[in-house]
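Structure, as C-alpha cells:
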Amino acid sequence: MNKTSIKYFILLGFPSYLEVQILMFVLLSAVYAITVIGNCLVILIIWADITLHTPMYFFLRILSFLEICYISTTLPKMLHNLVSEDKSISISGCATQMYFILFLGTVECFLLASMAYDRCIAICFPLHYIVLMSKEVCIYLALASWMGGVLIPLVNTTWTFSLPYCGSNKINNFFCDLPPILKLACADTSLNDSVMLVSSLVITLIPFIFILASYTCIVDTVLRLPSSESRHKVFSTCSSHLIMVTLFYGSASFIYLHPKSSYSLERDKYLSLLYTVITPMMNPIIYSLRNTELKKALARMFKRKILPRILF
C-alpha cells in the first residue's frame with residue numbers, strides 16, 4: 001500500500017493537432033530565446049556600466065539571472081514534448097523539476113520584496129539610503145532570499161514524493177507542479193493540501209504584505225511632493241517593479257492559494273504559463289522599455305563599442 005507501483009509520469013501538456021504543436025514549438029522557442037538573450041543583456045549592461053552599480057540594479061541583475069533559471073526549468077522539457085511522442089519523465093526527474101520550480105518561485109517572492117524595500121528606502125529616506133542600503137545589506141538581503149527558498153520547497157517535494165502512486169501516471173500539466181501530482185496519489189492528501197496552502201501563504205503572503213507596506217510608505221511620501229513632475233518621476237522608478245509583482249503574484253496566487261474544492265487543473269495549467277514562461281520573458285522587456293538609465297547605458301555601450309567586443 002505504501003509503495004509506488006508506477007515507474008514514470010507522463011506530462012500531458014497541451015494536446016492538439018500536429019500543426020498546432022509545431023506552431024507552439026516555434027513560438028515557445030522564440031520566447032525562450034528572447035527570455036535568455038534579454039535577461040543576459042540586462043545582466044551584461046548592469047555589469048559593464050559603473051553608473052548602474054547601485055542596489056536597485058544589483059537586485060535587478062539577480063532577478064534577471066533568476067528568470068533565466070526559472071524558464072530553463074520548464075520550457076526545454078515542454079519543447080521536447082511538443083515534437084516527441086515520448087512525453088514521459090522519470091520520478092526523480094519530476095521531483096527535481098518540482099523542487100527547482102518551487103525553490104526559484106520562493107526566491108523570486110522574497111527578492112521582489114527586497115526590491116520593494118530598496119525603493120521604499122530610496123524614496124522615503126533618501127538621506128539615509130547609502131547607510132541603510134549598503135553593499136553588505138544588499139548582499140544579506142540577496143542571501144536571505146536564496147536561503148529562504150531552500151527549506152519549504154524541500155519539505156513539500158520530499159513529502160509529496162513519499163506518497164504512494166499506484167494509479168494513473170498522467171500529469172495534466174506541462175511540468176511537474178504540486179497540485180496535479182497530489183491528484184495522482186493513492187492516499188489521503190488532505191494534510192499535504194493543508195501544508196501546501198500554509199506554506200504558500202508564508203511564501204507569498206508575507207512578502208506581499210511587506211511589498212504592500214513599502215508601497216504604502218512610498219505613496220504617502222510621493223503625495224507630499226510639491227510638483228506633479230516630481231511625483232511622476234518617482235512613480236516611474238517603481239512602475240516596472242509593480243508590473244512584475246502583479247504578473248508573478250497574480251498568477252501564482254490563483255494556483256496555490258485557493259482551496260482544494262475549487263481546483264481546476266485545466267485552468268491552472270494555462271495560468272502556470274504566466275509565471276513560468278511569460279513573466280521571465282517580460283522582465284527584460286518591461287525594465288528596458290520603461291527604464292531610462294538602462295537605455296542610456298545600452299546606448300553608451302554601443303557608442304564605445306563595448307557590447308560588440310564582449311559579444312564577438
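Would you say Phe25 is under 30 Å from Leu201 (Cα atoms) and among the aromatic types (Phe, Trp, Tyr)?
No: the conditions fail for Phe25.
Looking at segment 150-182, which of its residues are under 17 Å from Val107 (Cα atoms) and open to solvent by 40 Å² or more (accessible area, probe 1.4 Å)?
Selection gives Val150, Leu151, Ile152, Leu154, Val155.
The rows are residues; the columns are (1) under 23 Å from Gly38 (Cβ atoms); (2) at pLDDT below 90.
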| site | (1), (2) |
| --- | --- |
| Ala48 | yes, yes |
| Leu66 | yes, no |
| Pro76 | yes, no |
| Leu79 | yes, no |
| Ile89 | no, no |
| Val107 | yes, no |
| Ala113 | no, no |
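Looking at segment 128-210, what helices (runs of 4 or more DSSP H) fall wholly within it and have at least 1 residues that are among the acidic types (Asp, Glu) and modelled with pLDDT of 85 or more?
The helices (runs of 4 or more DSSP H) meeting that bar are 135-148.
Each row is one residue, and each column tells you yes or no for (1) touching a Lys or Arg at 6+ places or on another chain (Cβ under 7 Å); (2) crowded, with 19+ Cβ neighbours inside 10 Å; (3) of a type in the set (A, V, I, L, M, F, W, C).
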site	(1), (2), (3)
Gly13	yes, yes, no
Thr35	no, yes, no
Cys40	no, no, yes
Tyr70	no, yes, no
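Regarding Phe9, is this residue part of a helix (DSSP H, G or I) and surrounded by 15 or more Cβ atoms within 10 Å (Cβ to Cβ)? Quick ask: steps written out before the conclusion?
Numbers: part of a helix (DSSP H, G or I): no; surrounded by 15 or more Cβ atoms within 10 Å (Cβ to Cβ): yes.
So Phe9 fails the test.
Filter segment 72-92 down to the residues that are in a helix (DSSP H, G or I), of a type outside the set (D, E, K, R) and in contact (Cβ under 8 Å) with a residue 60 or more places away in the chain and list them by number. If you could, list the steps in order and put the result at the bottom.
Filtering segment 72-92 down to residues in a helix (DSSP H, G or I) leaves 72-83, 91-92.
Cutting the leftovers down to of a type outside the set (D, E, K, R) gives us 72-76, 78-83, 91-92.
The answer is Thr73, Thr74, Leu75, Met78, Asn81, Leu82, Val83, Ile91.
Among the residues that make up segment 167-177, is at least one of them β-branched (Val, Ile, Thr) and touching a strand residue (DSSP E or B) at 6+ places or on another chain (Cβ under 7 Å)?
Checking segment 167-177: at least one residue is β-branched (Val, Ile, Thr) and touching a strand residue (DSSP E or B) at 6+ places or on another chain (Cβ under 7 Å).
With the requirement that a residue be of a type in the set (Gly, Ala, Ser) and farther than 30 Å from Ile139 by Cβ, what does segment 8-64 give you?
From segment 8-64, those of a type in the set (Gly, Ala, Ser) are 13, 16, 29-30, 33, 38, 48, 64; that's our starting set.
Those that are of a type in the set (Gly, Ala, Ser) and farther than 30 Å from Ile139 by Cβ: Gly13, Ser16, Ser29, Ala30, Ala33.
Report every pair of residues separated by at least 6 positions or lying on different chains whose Cβ atoms are under 8 Å apart, first residue within segment 22-49 and farther than 27 Å from Tyr270 by Cβ and in contact (Cβ under 8 Å) with a residue 12 or more places away in the chain, second surrounded by 13 or more Cβ atoms within 10 Å (Cβ to Cβ) and among the β-branched types (Val, Ile, Thr).
Once the first residue is farther than 27 Å from Tyr270 by Cβ and in contact (Cβ under 8 Å) with a residue 12 or more places away in the chain and sits in segment 22-49, its partners that are surrounded by 13 or more Cβ atoms within 10 Å (Cβ to Cβ) and among the β-branched types (Val, Ile, Thr) give Cys40/Ile68; Ala48/Ile306.
Tally the residues that are over 23 Å from Thr73 (Cα atoms) and open to solvent by less than 50 Å² (accessible area, probe 1.4 Å), restricting the search to segment 187-200.
Total satisfying the criteria: 5.
Looking at segment 286-296 only, could you name the residues that are in a helix (DSSP H, G or I) and either open to solvent by 60 Å² or more (accessible area, probe 1.4 Å) or in contact with an Asp or Glu (Cβ under 6 Å, 6 or more places away or on another chain) (or both)?
Hits for segment 286-296 are Leu289, Thr292, Glu293, Lys295, Lys296.
Counting only residues that are within 20 Å of the chain's Cα centre (by Cα) and at pLDDT below 75, which one in segment 266-285 is most open to solvent (accessible area, probe 1.4 Å)?
Top of the filtered list is Arg267.
Yes or no: segment 220-235 includes at least one residue that is surrounded by 13 or more Cβ atoms within 10 Å (Cβ to Cβ), at pLDDT below 75 and assigned to a loop (DSSP other than H, G, I, E, B).
No, segment 220-235 has no match at all.
Kindly indicate which of Ile46, Ile50 is buried (at least 18 other Cβ atoms within 10 Å of the Cβ) and over 30 Å from Asn81 (Cα atoms).
Exactly one of Ile46, Ile50 is buried (at least 18 other Cβ atoms within 10 Å of the Cβ) and over 30 Å from Asn81 (Cα atoms), namely Ile46.
Give the residues of segment 90-131 that are open to solvent by 60 Å² or more (accessible area, probe 1.4 Å) and more than 24 Å from Ser64 (Cα to Cα), sorted by residue number.
Ser92, Phe125, Pro126, Leu127, His128, Val131
The values are calculated or read from the model by the stated rules, or taken from the named source; none is laboratory data. Every value quoted in this text rests on a predicted model; they were computed, and no experiment measured them. Neighbour counts run over all protein chains shown; Cβ positions are idealised from the backbone, glycine included. Note: areas computed on protein heavy atoms with side chains; ligands, DNA, RNA excluded. Shrake-Rupley method; radii C 1.70, N 1.55, O 1.52, S 1.80 Å.
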